[in-house]
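Step one of this worksheet: look at the structure below.
The values are calculated or read from the model by the stated rules, or taken from the named source; none is laboratory data. Everything quoted here is computed from the prediction, not taken from an experiment. Note that each Cβ is placed from the backbone with ideal geometry, even for glycine, and that neighbours are counted across all protein chains shown.
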Amino acid sequence: MRVSRRVRFSGGGLLPPHQVSVLAKLDQQVRTPRELAQIECVSAPSMTRTVNALVEQGFVGREPDPDDGRQVRLQLTPEGRKKLTGIRRSRDEWVHARMADLTEEECEVVRQAVDILERVVSTV
């Protein structure tokens, strides 16, 4: 968790982590604000504020749901996709720079730890 937190705050760029998380969820697929709130475990008003900020910045677009006119569907704009790609690149570079001095043996331990942690989270 400490590594994840450091990467989010140190290698992410100018957007707060909760906004980056929403961009990442929308990169997977178009979603409603309600779906995002459930995924992120936040209240609907909190998600509305986050989405509004992302829309104002031009990173997220809204469109009416074709099946339910009361719903709004959210998707990444080209600017949002570009921003998310840049943030991911920046985070990768941050991690790479910090791992550059590890020995080959230490890198192998990290690879093994990643495999183990992926198994742990996949059983949740």
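Key figures
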| read-out | value |
| --- | --- |
| Selection count, region 49-70, where residues are touching a helix residue (DSSP H, G or I) at 6+ places or on another chain (Cβ under 8 Å) and surrounded by fewer than 14 Cβ atoms within 10 Å (Cβ to Cβ) | 2 |
| Answer from T77, T50 - the residue that is among the β-branched types (V, I, T), at pLDDT 95 or above and touching a Pro at 6+ places or on another chain (Cβ under 9 Å) | T50 |
| Tally of residues being surrounded by 14 or more Cβ atoms within 10 Å (Cβ to Cβ) and out of contact with any Phe, Trp or Tyr (no Cβ under 8 Å at 6 or more places or on another chain) across region 20-47 | 16 |
| Residue check for E93: in contact with a Gly (Cβ under 8 Å, 6 or more places away or on another chain), in a helix (DSSP H, G or I) and acidic (D, E) | yes |
| Single residue of region 53-66 satisfying the filter (at pLDDT below 95 and part of a loop (DSSP other than H, G, I, E, B)) that is nearest to H18 (Cα to Cα) | D65 |
| Cross-chain or 6+ apart pairs with Cβ under 7 Å, region 91-111 first and under 30 Å from L14 (Cα atoms), then loosely packed, with under 10 Cβ neighbours inside 10 Å and modelled with pLDDT under 90 | none |
| Scope region 71-97; condition aliphatic (A, V, I, L, M) and in contact with a helix residue (DSSP H, G or I) (Cβ under 7 Å, 6 or more places away or on another chain); matching residues | V72, L74, L76, L84, I87, V95 |
| Selected residue (only one of L102, L117, L84 is under 24 Å from Q29 (Cβ atoms) and surrounded by 10 or more Cβ atoms within 10 Å (Cβ to Cβ)) | L84 |
| Residue under evaluation R49, criteria (1) in a helix (DSSP H, G or I); (2) in contact (Cβ under 8 Å) with a residue 12 or more places away in the chain, criterion not met | (2) |
